[in-house]
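Novice: Please read through the structure below; I'll follow up with questions.
The values are calculated or read from the model by the stated rules, or taken from the named source; none is laboratory data. Since the model is a prediction, treat every value here as computed from it, not as a measurement. Positions of Cβ are generated from backbone atoms using ideal geometry, with glycine treated the same way; all protein chains shown enter the neighbour counts. Accessible surface is based on the protein model in full, side chains and every heavy atom, while ligands, DNA and RNA are left aside. Shrake-Rupley method; radii C 1.70, N 1.55, O 1.52, S 1.80 Å.
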Amino acid sequence: MDILKKNYFELFGLKVSTQLDLKDLDEKFTLLQKQFHPDKYSNSSDTEKRIALQISSYLNDGYITLREFVTRVEYILKIKDFNTDESKTLFDEEFLEEQIDLNESIEQLKINKGGNDKVNVLTLDLTKKMELLVVSINDYLSRTEYDMVWKNLAKYKFYRNHLIELEPMIK
Amino acid sequence: MSLLQIKDPKTDVQSKQRFVVGIDFGTTNSIVCSYENSNFKHYEHNGNDLVPSSISITSDHDVAVGSLLNDKDTSYYIPSIKRFIGVDDQQLDYLKKYNHTFTNKDNMLALNVFDKDYSVVDLSSFIFNFLKDLAEKNENRSLEAAVITVPAYFNDFQRQAVKNAALLANIDVLRLINEPTAAAIAYGLESNSIGKFVIYDLGGGTFDVSILSLEEGIFKVLSTDGNTILGGDDIDFIIANWIKDNCKHLRHLDLSTLKDHAKNIKEQFNNTTSEINYSIDNHDITLSKGLFRELISPIIDKTIKIVKSAINESGIDQNDIDSFILVGGSTRIFEIKSRLREVFNCNILDDIDPDKVVAQGAAIQANILSGNSKEDILLLDVLPLSLGIETMGNLSEKIIPRNTAIPIVARKTFTTFKDGQTKLLIHIIQGERELVSDCKSLGRIILENIPPMVAGAPRIEVEFQIDADGLLSVTATEKNSETKASAMIKPAYGLTDSQITKMISDANASAEEDMSARRLSESKVEAERVIYALEQALDTDGSELLDESEYDVITSELLKLKEIANGNDFMKIDNQIKVLELKSEFYVERRMNRSIQSLIAGRGVDDVLE
């Protein structure tokens, strides 16, 4: 089935890029689901039902994958045939030390239940670091240095997880 | 066959309206309803369109449904059968609350009634059968298909059971849809509204919530949550206990009597703003509005907590919620409405009867799916509970997280850990907890006939497909061996198609002749549809997409079907339909491929490839 062989960017008629117009993605997704969702084939032959189910599932997975930055970058690496093996990730000592410090700070904030200012400062700091990582991810991607993309994305995920931990503390 | 759907909509295929219904299979009551020409028709039994989901069985095994036609003293009475769907006979804590003799039949929980075992699916099918008869008698024609609603929080096991029960009652199931989603359809169509909605569904025994976004004909479920043991019954229970604690003259009454009174008191609060005076056995009880509010507040708090978590999960801001849609009899309680307004500061939609709104939404959807309606609505729903497999140490590994849009497929590759290993066991579970024992076991599947290789060499790709009904099927393929054998596997609890067919034919053994007449007419109609659709498609683009020999193959099979369809052998007709479908499969694929190209048109290949 040709449709199922397209990569997700091709599927939605989008340019391969880490930066997507999400509204555009939404529109394409809706347009295609309106055509291929199994509900549109409830009176159809079993063949059509099966194909529609496959396409619709593929559309959903593509949509979920492309919507989020992290999964989108991971997917780009995948279509560039870069082997995204977690074990390849070796962090520099500086980064690891920073992570230990960050974990400690967040634990402290959790125990002290507050220090609203501190939570806000930390959140802002993390957001900035993530923005910088996005820039360097794009940069490495354009130079096809995929192992560096992968490494920076791994860092990005660390910061993102910290942010998720901080979120409930923001009042 | 609806090849036409991927072609120019100006070709109208509308023939006569098919008779389809929506069925709300509820815990307390069930409803069957149709929607035609913008009108709902609720089919009534003894003047009531709420059919109690209860069954009575005599010692001669005569079954009656609904308004209890059998004599209560001599027959066996089973109320609220839906409560037992998805329960297995190991859940003794749950089952011991009920006065039934539980057994096991066809891998399912069963009740022993007068020395005969009835599985939960058997019993539920009695209700479906009754609803089907009710609709057919009213319309004086046979029912062609139905959309059936299930609680959003139902797991795969429970969905499969409901579907099997309907199939056993000879109902062609167009789709299972979630109750809150059905309610949203009913409101969405009525008001043509767009925006973000919370569907708040508080029934007798369960609480369901879904967050939906509605825009130009797309109903997109963003998240869903719920509690299967929270409902109006809990409110009755609290009031009953209050009566017990505060009226010493009534302490001798048993809890179920007190609960009946509590229910009456609760319902009186739907229409009053002051206090309620109520009398039980000549003892007067006074309950003020303020105290009532205080008593039921813990229940409402619990629901609000769940709503907030669902909103959080949906990724939208609480302030972006436009309206609450109220579903379920328990939402008639005025106090609930005012608390929701207070907490969420939004509009409340409650003008459709909360007992009927789900059946109405299902009827609308049935009308759309059957092709009766030209309404351009699409429903995008989500998986309510994460699907996972057991890994080392009794831990659950999630394969498809909850609130993922469905249909969806996930693949996972397994291998062997012993040289020459030929079998592999996969335990499929559903639920959010870390430990396997805290999740619902959907069954164990065994992959057999793995070619013997050194440990770690086989690559067995297992595909978990969730369809638009939210139902799971599993396929396994060994990637390294030459055979690449792949097999459909049904988890142990699900009945296989042939089991279902056997059960249906057993149930209808006496009416076999009727059945074959019906089968013949169904096959003829199907053949007609296939022929018509294919001819239209060939007219449109047959010469363009097919070369001469391909064209000839399809048209000769088409002619064969026309001939056979004039005969009286439904097996032959079915067979030829299959042959035709098989031989035209590539053509269907070509048309679909072409249609996707035209949909994302405006972008050349260069654009797409960076």
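Novice: Please identify the GluC sites (Glu not before Pro) of segment B:125-217 that satisfy two criteria: DSSP loop assignment and at most 12 other Cβ atoms within 10 Å. Which are they? Mind dumping the intermediate values first?
Specialist: Working: sites: B:Glu136, B:Glu139, B:Glu144, B:Glu190, B:Glu215, B:Glu216; in loops: B:Glu144, B:Glu216.
Those that pass, being in a loop and sparsely packed, are B:Glu216.
Novice: Still on this model: Keeping every protein chain in place, order B:Leu369, B:Leu520 by accessible area at 1.4 Å, biggest value first, i.e. largest first.
Specialist: The ranking, largest first, comes out as B:Leu520, B:Leu369.
Novice: Could you pull the accessible area for A:Met169 with a 1.4 Å probe, rounded to 10 Å²?
Specialist: 50 Å²
Novice: Hey, what D do you get for segment B:508-599 in µm²/s if you plug the Kirkwood alpha-carbon radius into Stokes-Einstein at 20 °C and 1.002 mPa s?
Specialist: 149 µm²/s
Novice: What GluC sites (Glu not before Pro) in segment B:360-405 are in a loop by DSSP, with at most 15 other Cβ atoms within 10 Å of the Cβ?
Specialist: Details: sites: B:Glu375, B:Glu390, B:Glu397; in loops: B:Glu375.
Answer in residue order: B:Glu375.
Novice: Further, regarding this structure: Probe 1.4 Å, all protein chains in place: accessible area of A:Asp101 in Å², nearest 10?
Specialist: A:Asp101 has an accessible surface of roughly 90 Å² with all protein chains in place.
Novice: Could you work out the pair-distance distribution P(r) of segment A:1-152 from its alpha-carbon pairs, with 10 angstrom bin width and percents rounded to whole numbers?
Specialist: Going from the shortest bin to the longest, the percentages are 9, 28, 26, 20, 13, 4, 0.
Novice: Rounded to the nearest 500, what is chain A's calculated 222 nm mean residue ellipticity when only DSSP H runs of at least 4 contribute -39500 (n - 2.57) each, over all residues?
Specialist: After summing the helix terms and dividing by residue count, I get -24000 deg cm²/dmol.
Novice: Which pairs, out of A:Lys15/A:Lys78; A:Lys5/B:Lys220; B:Lys266/B:Lys337; B:Lys132/B:Lys163; A:Lys40/B:Lys374; A:Lys5/A:Lys78, put more than 18 Å between their alpha-carbon atoms?
Specialist: A:Lys5/B:Lys220
Novice: Shape of the protein assembly as shown from its Cα gyration tensor (a ≥ b ≥ c, root eigenvalues): rounded if a/c is under 1.5, otherwise prolate when a/b > b/c, or oblate?
Specialist: It comes out oblate by the Cα gyration axes.
Novice: I would also like to ask the following. Only four residue types carry charge here, +1 at the Cβ of Lys and Arg and -1 at the Cβ of Asp and Glu. Report the dipole size of segment B:508-599 about the Cα centre in Debye, rounded to the nearest 20.
Specialist: 180 debye
Novice: How would B:Thr103, A:Thr18 line up by accessible area, probe 1.4 Å, largest first?
Specialist: Numbers: B:Thr103 35, A:Thr18 5 Å².
Most to least solvent-accessible, the answer reads B:Thr103, A:Thr18.
Novice: Averaged per residue, what accessible area in Å² does chain A show with a 1.4 Å probe, protein chains only?
Specialist: Details: 9030 Å² over 171 residues.
Value returned for chain A: 53 Å² of accessible area per residue.
Novice: Turning to a different aspect of this structure: Per DSSP helix of 4 or more residues, -39500 (n - 2.57); summed, then divided by the residues of chain B. What does that give at 222 nm, rounded to the nearest 500?
Specialist: -11500 deg cm²/dmol
Novice: Additional query: If you place +1 on the Cβ of every Lys and Arg and -1 on the Cβ of every Asp and Glu, how big does the dipole about the Cα centre of the protein assembly as shown come out, in debye to the nearest 20? If you can, show how the numbers build up before the last one.
Specialist: On the way: 89 positive and 125 negative charges, 145 e Å.
Computed charge dipole of the protein assembly as shown: roughly 700 debye.
Novice: Quick one: if you stick a label point 7 Å off each Cα along the C-beta vector at B:Asp115 and B:Glu216, how many nm between them?
Specialist: Label at B:Asp115, label at B:Glu216, 6.7 nm between them.
Novice: A further question on this structure: Could you report the accessible area of B:Asp115 in Å², rounded to 10, computed with a 1.4 Å probe on the protein chains as they sit in the structure?
Specialist: Accessible area, nearest 10 Å²: 150 Å².
Novice: Considering only protein heavy atoms, with the full assembly of protein chains and a 1.4 angstrom probe, order A:Leu126, A:Leu53, B:Leu425 by accessible area, largest first.
Specialist: B:Leu425, A:Leu53, A:Leu126
Novice: Shifting gears a bit: Under a straight-distance cross-link criterion of Cα-Cα below 13 Å, which aspartates and glutamates are reachable from A:Lys80, leaving out those fewer than 8 residues away in the same chain?
Specialist: Straight-line reach from A:Lys80, under 13 Å: A:Glu145, A:Asp147, B:Glu610.
Novice: Rounded to the nearest 20 debye, what is the charge dipole size of segment B:266-397 about its Cα centre when +1 sits on each Lys and Arg Cβ and -1 on each Asp and Glu Cβ?
Specialist: Roughly 220 debye, rounded to the nearest 20.
Novice: Quick one: Debye curve from the alpha-carbon atoms of segment A:86-169 only, equal weights, vacuum; give me log10 I(q)/I(0) at q = 0.24 Å⁻¹ to two decimals.
Specialist: One equal scatterer on each Cα of segment A:86-169 leads to -1.17.
Novice: I would also like to ask the following. For chain B, count the residues as N, evaluate 2.2 N^0.38 Å, and divide the Cα radius of gyration by that value, please.
Specialist: Rg over 2.2 N^0.38 Å, computed on Cα atoms: 1.06.
Novice: Nearest 0.05, what FRET efficiency do B:Asp541 and B:Thr404 give at R0 = 35 Å with Cβ-Cβ as r? Walk me through the intermediate numbers first.
Specialist: On the way: r = 35 Å, r/R0 = 1.01.
The computed FRET efficiency comes out at 0.50.
Novice: Take every DSSP beta bridge whose two residues both sit in segment B:197-308, then give the antiparallel share in percent to the nearest 5. Intermediate results must be reported in sequence, preceding the final value.
Specialist: Values: 20 of 20 bridges.
Counting only bridges with both partners in segment B:197-308, antiparallel ones make up about 100 percent.
Novice: Positive end of the dipole of the protein assembly as shown, charges at C-beta (+1 Lys, Arg; -1 Asp, Glu), about the Cα centre: which of B:Ser556, A:Phe91, B:Phe126 has its Cα farthest in that direction?
Specialist: It is A:Phe91, whose Cα lies furthest towards the positive end.
Novice: Still on this structure, I have one more. Please name which of B:Phe40, B:Val162, B:Leu250 has its Cα lying farthest along the dipole of the protein assembly as shown towards the positive end, using unit charges on Cβ (Lys, Arg +1; Asp, Glu -1) and the Cα centre as origin.
Specialist: After comparing all options, I get B:Leu250.
Novice: Setting aside same-chain residues fewer than 8 positions from A:Lys118, which lysines have a Cα under 16 Å from its Cα?
Specialist: Output for A:Lys118: A:Lys110, A:Lys128, A:Lys171.
Novice: If you roll a 1.4 Å probe over the protein assembly as shown with all protein chains in place, what percent of the accessible area is carbon or sulfur?
Specialist: Using a 1.4 Å probe with all protein chains present, the protein assembly as shown comes out at 48 percent carbon and sulfur.
Novice: Show me you know the interface measure: the accessible area buried between B and A, both chains summed, probe 1.4 Å, in Å² to the nearest 100.
Specialist: Numbers: alone 30130 and 10990 Å², together 37130 Å².
For chain B against chain A, roughly 4000 Å² becomes buried.
Novice: In segment B:115-217, which trypsin sites (Lys or Arg not before Pro) fall in coil by DSSP and have 16 or fewer other Cβ atoms within 10 Å?
Specialist: For trypsin sites (Lys or Arg not before Pro) across segment B:115-217 that sit outside H, G, I, E and B with at most 16 neighbouring Cβ atoms in 10 Å, the list reads B:Arg141.
Novice: Find how much the distance from A:Asn161 to A:Thr18 grows on full extension, using 0.36 nm per residue of separation minus their present alpha carbon separation; answer in nm with one decimal.
Specialist: Numbers: separation 143, 0.36 × 143 = 51.48 nm, distance 1.97 nm.
Here the answer is 49.5 nm.
Novice: Starting from the Cα of A:Asp92, step 7 Å toward the Cβ, then list every residue of segment A:152-171 with an amide N under 13 Å from that point.
Specialist: A:152
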